[in-house]
Amino acid sequence: MADTKTTDAFVVFDRVQKSYDGETLVVKDLNLSMPKGEFLTMLGPSGSGKTTCLMMLAGFETATHGEILLDGRPINNIPPHKRGIGMVFQNYALFPHMSVAENLSFPLEVRGMDKTVREAKITRALDMVQMGQFANRRPAQLSGGQQQRIALARALVFEPELVLMDEPLGALDKQLREHMQFEITRLAHDLGITVVYVTHDQTEALTMSDRVAVFNDGRIQQLAPPASLYEAPQNSFVAQFIGENNTMEGIVTEISGDKCVVKLDDGELIDAKPVNVSKVGERTRVSIRPERVEMNKSRLQPGAHTLKATVREFIYMGDIFRTRLSVAGNDNFIIKTRNAPDAVRLEPGAEIEIGWLPQDCRALDA
Amino acid sequence: MKLKTALLATALSSAAFAAQAAELTVMSWGGAYEASQIEAYNKPFAAMKGVTVNMVAADNPGTPIAAMVEANNVTIDVADVELSDAVRLCDEGKLEVIDHAALPAGVDGTPAADDFVAGALASECAVANIVWSTVVSYDSSKVTGVTSIADFFDTAKFPGKRGLRKSAKANLEMALMADGVPAAEVYSLLETEEGVARAFAKLDTIKADVVWWEAGAQPPQLLADGEVVMTTGYNGRIFNAAIGEGKPFTILWDGQIMDFDLFVIPKGAPNKDLAMEYVAFATDSQRLADQAKYISYGPARKSSAPLVGLYQDGKTEMAPHMPTSPEALKNALTNDFEFWADRDVELSEKFNAWLLK
Amino acid sequence: MSDTILRTADGKPLKAALMRASAVARRRAFMLVLPLLAFVLITFVVPIGQMLSRSVTNDAFSANMPSVVAWFAANPEGTEPDEAAYAALVVDLVNAANARTIGTVATRINYDVSGTRSLFTSTGRKAKNMEAPFKDAVLAADEEWGDKVVWAAMRNASAAVTTTFYQAATDRKLTDEGVYAKAPEDLRVYLTLFWRTFVLSGAVTLLCLILGFPVAHLLARLPMRISSLLMILVLLPFWTSLLVRTTSWMVLLQEQGILNNMLVYLGILEDNGRLALMYNQTGTIIAMTHILLPFMILPLYSVMKTIPITYTRAARSLGATSWTTFRRIYVPQTIPGIGAGGILVFILAVGYYITPALVGGATGTLISNQIAFHMQDSLNWSLAAALAAMLLAAVLALYWVYDRLVGIDNMKLG
Ligand SMILES: Nc1ncnc2c1ncn2[C@@H]1O[C@H](COP(=O)(O)OP(=O)(O)O)[C@@H](O)[C@H]1O
Ligand SMILES: [Mg+2]
């Protein structure tokens, strides 16, 4: 876990627990520390406690146990309007009875700013999201994407240091979403703000964030930069949740250093890298990315274990080929190959042999 | 479609009409008063004629029957109304004329015309059955020594709230009598601006202490709840609460205002002939005396007085509780229906304006 | 030119084909609303039309006194009634007395000139024995017949269509000169009552809003399980009859009632310093507020239910205190509910008469009590209709103002 006592930490969750009903913990022992300027994404399935964490940080829910620090100060007793945190909601929460300009003016008015100052800031914020000409519209007269931009502008107009976004792009179509992902990261970077971003979309998380906190069952399963999250999942939940992944179960039969041999349930032996296993006889679930499976024996280490596989389905996807195999009793074993000039197109029914580098096959918790 | 509905409605109503043929429908005021009429008139009449007599209750039967005649849809054969309504409806041609000569002579042989008390046959469309009165009554467990109508307006001597009916009628007369005007001069004085002003001035003296009532059932209730210590009310209602229910209420006869209730037959009554028979039967000496057994309203025939016996409890002598008893008549006023027919509109408006001040 | 008309595949004009195709659907739609249409027509439009027409027509005089009416028609206003006029009067009085319509005639004139009822009925009885010269004979019977105002009232009543009742409803009376003028102070009732009705109804509406708003808010925010339970409490008053509720208030509020007894028992009040909570405006306001409260809560609730909590949160995160958030974000969004509830309560309050009659005493009664009085007691239906029409007009005016200020389509009833 990250060191929660780092002095330059801007936002700190220290052993935070949350229960709504006094019977079940929605957030269990949350520890998190993020430096100023970081873009951190909370990623996890629905109901895993992401929004709850965000609401505790914003001040709309109180932690049942533990402490939340903002810029070194505990904020449990600071009311929401004094926290100075910008928020973007999934449904945008633009005030329907106010025009776009009035929506943006609101946070400035409550801060007692002059009209001239306000107008300048509103113009700047609207230009920032390329919505300058919509100042006098009502939210209902805007499209979803436009409303999204206004919501963003409103959260930024009073120049908060921390901005929270709860699935802000959830209601947009794919193309717009990708565009906005880019816009948001650009703005966050340009303005140097700290962002806590919540999503259940892993692509979004991987493309936008400095670090991603994978949530499940009220806990952070792994907190890491996108690359290591993908490359080096710490447990089988993360492995399965992030990206595509083949899994097989078995028992560890040999272990030495960063190599081990696993005996799969149907008796086959494979090489793997021990991540969550420590001794012989332990049950494990091995995980290997489809693009790391090798069909060309010459690229494997000598003496490496290989497995027999039957091709079930071949799918042409343009840039890649996606082939479904039956391997060691698993009929859903996927491999991906690049559409290179020398790539082989496998026919269903063909028998092949597959293998991998031991470090690409991670032996995780069962 | 409209035609069909109309036909259906006609068919239904004529069926109802046919079924009603052997019945007589009487409309009265509900409550103890109506009950007394059922016992004294309806049951013996039904037994004698072999017909069914239905009783229907209304707040003031004069109003619905006027509406029925106006709408040409009369379902009531006989109605019990106040004198002013009887006169007014008769003037407006909404009532059948009743042949007063056909009314039976009294038990002592006196012809009907002489047997009825003065004014009881004043309208050719109506026959009076009872004399009732608006009286002051008080809770004798809270006030004692009330002797005259003037005491009702004397809140210094008899502190406590007063109940008054929310209308000009009766209040103005009582105010003048309390101010020392003899009963006989009340209405002629009220014809003048000064007289009306004097009555309102007297009412002004207790205005702040008044709880206004509208329904006849309220005065005994207000007394019982302790909301008022003295109130005007209808003597029969007060009697029922006092003698019937044992409440400590006493009636002050001084300054009472007497009025008649009368039987009338609305124009176009479905069973007019039977209705005529009913009215003659119900207003004979014995029937009127019988009714007094159940409620303390005085019979409208002189010959009934000696026949009045005990209250239904079997021990209370009814005669002294009648508004027509010699004791009660010492300082009594008879309601002048013509005065009210003339002045009701104006005085009601004045009264309402006075209330608003 | 005809080539430009769009045609269907078999060559018929497209428009006509469309009309034919949709005619069936339209006919069916019409048949579906027909019962309601008929119902509304019979039970609402027709009675209101009747009410309006009754408020301006009364033919009691004109239909029954044809000769006098003819004399008025032949002689311009201001003509002294001559022998011919009196002769016509006697003819009409005799006929009216025989036909038993004299009471109707008298009642009509009595509306304008108090004390003339018996003038007609008593002269009517004597008229059949009168001989020429009729003027002397009539004046001998009752010299009041010489009064200008009686003749002015008769001229006025000789037209079936009249403004008399609207004049009366606005506290204007026929003067001796035969014109309408403001009534003497001690006869002015209705305008004061209209004003009081609106003030009191406004007070009730405001009170309902103040009391209902937090309740509706709570109902909208609580979990469904608890809020449906509370909703039952809110609706409870609907399940008891109006009369029962009103009399319960009487038991509670009267001077010897539960509330006063409790306050005296607790030593907060002296025994002789009991509060007058009933038989005055206080009583009317308390009881009506209770009775009408659900009509405020329900529309408010239904609007608040649709306001997501995220608006409040957004405002708070933007730096607004909870009060600012309430004032600037929450309340503006509840305006459709406030408008609907307010109009509903106000209009119901304006029309209530049972409750004010029972608990209102002298100062707590409303214009509708006067309307009821003229419907049920004085039987002056035309005046009742005029008052009701004015009330209706006031309510419609209110709608108009509301539409101007808030917009009627911005109203949400449920
Ligand atoms: N206000 C609340 N009251 C009770 N339970 C809640 C409340 N908000 C969320 N929960 C529960 O807490 C859990 C986590 O919810 P949430 O934080 O919204 O998850 P996520 O945002 O990851 O989908 C869920 O099981 C949800 O039902
Ligand atoms: Mg969520």
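Values in this text are rule-based calculations from the coordinates and carry no lab data. Please read these numbers as outputs of a predicted model, since none were measured by experiment. In this analysis, Cβ positions are derived from the backbone assuming ideal geometry, glycine residues included, and neighbour counts consider all displayed protein chains.
Please build a GNM for chain A, connecting alpha carbons under 10 Å apart, and tell me which residue among A:149, A:345, A:15 fluctuates the most.
Looking only at A:149, A:345, A:15, the biggest GNM fluctuation is shown by A:345.
Counting DSSP beta bridges with both partners in the stretch A:246-365, what percentage is antiparallel, nearest 5?
Rounded to the nearest five, the antiparallel share is 95 percent.
Mind checking which lysines have their Cα closer than 16 Å to the Cα of residue A:28? Skip sequence neighbours fewer than 8 apart in that chain.
A:18, A:50
Kirkwood hydrodynamic radius of the stretch B:296-345 from all distinct Cα pairs, in Å?
12.9 Å
Count, for each residue of B:219-229, the Cβ atoms from other chains sitting within 10 Å of its Cβ, then give me the mean as a whole number.
Across B:219-229, the average partner-chain Cβ count within 10 Å equals 2.
Quick check on the protein assembly as shown: of the DSSP beta bridges with both residues there, what percent are antiparallel, nearest 5%?
Expressed as a percentage, antiparallel bridges in the protein assembly as shown total about 70.
Could you tell me, in Å, what Rg and Dmax come out for the Cα atoms of the protein assembly as shown?
When restricted to Cα atoms, the protein assembly as shown yields Rg and Dmax of 45.8, 149 Å.
Assuming R0 = 30 Å, what is the FRET efficiency of residue C:63 and residue B:108, from their Cβ-Cβ distance, to the nearest 0.05?
0.05
Report the net charge of residues surrounding residue C:217, where surrounding means a beta-carbon distance below 15 angstrom and charges are Lys +1, Arg +1, Asp -1, Glu -1.
After counting each charged neighbour, the total is +3.
For chain A, find the longest principal axis of its Cα atoms and tell me its angle to the long axis of helix A:100-109, 0 to 90°, nearest 10.
The angle comes out near 70 degrees.
Would you please calculate the Kirkwood hydrodynamic radius of chain C over all C-alpha pairs and express it in Å, rounded to one decimal?
One over the average 1/r among Cα pairs gives 26.8 Å for chain C.
State, to one decimal in nm, how far the label point of residue C:400 lies from the label point of residue C:276, with both points 7 Å from Cα in the Cβ direction.
Reported label-point gap for residue C:400 and residue C:276 is 3.9 nm.
What FRET efficiency, computed as 1/(1 + (r/R0)^6) with R0 = 51 Å and r the Cβ-Cβ distance, is obtained for residue A:292 and residue C:222, rounded to the nearest 0.05?
0.45
Averaged over B:56-68, how many beta carbons belonging to a partner chain fall within 10 Å of each residue's beta carbon?
1
Could you work out the Rg to Rh ratio of chain A, with Rh taken as the Kirkwood radius (inverse of the mean 1/r over all Cα pairs)?
Here the Rg-to-Rh quotient is 1.06.
Quick one: go through the stretch A:162-181 and flag any residue whose amide nitrogen is under 11 Å from the point 7 Å out along the Cα-to-Cβ line of residue A:203.
A:174-179
Calculate, in nm to one decimal, what residue C:52 and residue C:181 gain on full extension: separation in residues at 0.36 nm each, minus their alpha carbon distance.
Gain in length upon complete extension: 44.1 nm.
Once you've got the GNM for chain B with C-alpha springs shorter than 10 Å, pick whichever of B:324, B:52, B:144 has the biggest mean-square fluctuation.
Of the options given, B:144 has the highest mean-square fluctuation.
Over the Cα atoms of the stretch A:15-98, Rg to Rh with Kirkwood Rh, two decimal places?
That ratio is 0.97, to two decimals.
What is the diffusion coefficient of the stretch A:42-185 in µm²/s, taking the Kirkwood radius over Cα pairs and the Stokes-Einstein relation at 4 °C with a viscosity of 1.567 mPa s?
My calculation gives 80 µm²/s for D.
Over the Cα atoms of the stretch A:246-365, Rg to Rh with Kirkwood Rh, two decimal places?
0.98
Enter the angle in degrees (range 0 to 90, nearest 10) between the Cα long axis of helix B:193-204 and the first principal axis of the Cα atoms of chain B, meaning the one along which they spread out most.
Here the helix axis deviates by roughly 70 degrees.
Under 10 Å, Cα contacts only: if you run a Gaussian network model on chain B, which one of B:42, B:72, B:171 comes out with the highest mean-square fluctuation?
Answer for the Gaussian network model of chain B: B:72.
Can you report the principal axis dimensions of the stretch C:263-414 using only the alpha carbons, biggest first, rounded to whole angstrom?
The Cα atoms of the stretch C:263-414 stretch 63, 50, 20 Å along their principal axes.
What distance in nm lies between label points placed 7 Å from Cα along the C-beta direction at residue A:322 and residue A:78?
Label at residue A:322, label at residue A:78, 4.6 nm between them.
For the residues C:20, A:285, A:362, what sequence is obtained by ranking on other C-beta atoms within 10 Å, fewest first?
Least to most surrounded, the residues fall as C:20, A:285, A:362.
Expressed as an acute angle from 0 to 90° and rounded to the nearest 10, what is the orientation of the C-alpha long axis of helix B:337-356 relative to the principal long axis of chain B?
Once rounded, one gets 50 degrees.
For a distance above 21 Å, tell me the whole-number percent of Cα pairs in the stretch C:66-183 that qualify.
Result: 33 percent of Cα pairs exceed 21 Å.
Run the quick spin-label model on residue A:114 and residue A:133: label points 7 Å from Cα toward the beta carbon, then report their separation in nm to one decimal.
Using points 7 Å along Cα→Cβ, the separation is 3.1 nm.
Counting only other chains, what is the mean number of Cβ atoms within 10 angstrom of the Cβ of each residue in peptide A:80-93?
That average works out to 5.
Fewest to most neighbouring Cβ within 10 Å: what's the order for C:404, C:100?
The fewest-first ordering by Cβ neighbours comes to C:404, C:100.
Please report the relative contact order for the stretch A:1-124, taking Cα pairs under 8 Å with a sequence separation of at least 6, and give it as a percent rounded to a whole number.
22 percent
Nearest 500 deg cm²/dmol is fine: what mean residue ellipticity at 222 nm does the protein assembly as shown get from its DSSP H runs of n ≥ 4 alone, each adding -39,500 (n - 2.57), divided by its residue count?
Rounded to the nearest 500, the figure is -13000 deg cm²/dmol.
Given a Förster distance of 45 Å, report the FRET efficiency between residue C:392 and residue C:21 from their Cβ-Cβ distance, rounded to the nearest 0.05.
So, using R0 = 45 Å, E works out to roughly 0.60.
Can you give me the relative contact order of chain A as a percent, contacts being Cα pairs under 8 Å and 6 or more apart?
15 percent
By Kyte-Doolittle mean hydropathy of at least 0.0 and Cα axial length of at least 18 Å, which whole DSSP H helices of chain C are selected?
Flagged H segments are C:14-40, C:83-99, C:190-221, C:281-305, C:331-351, C:381-405.
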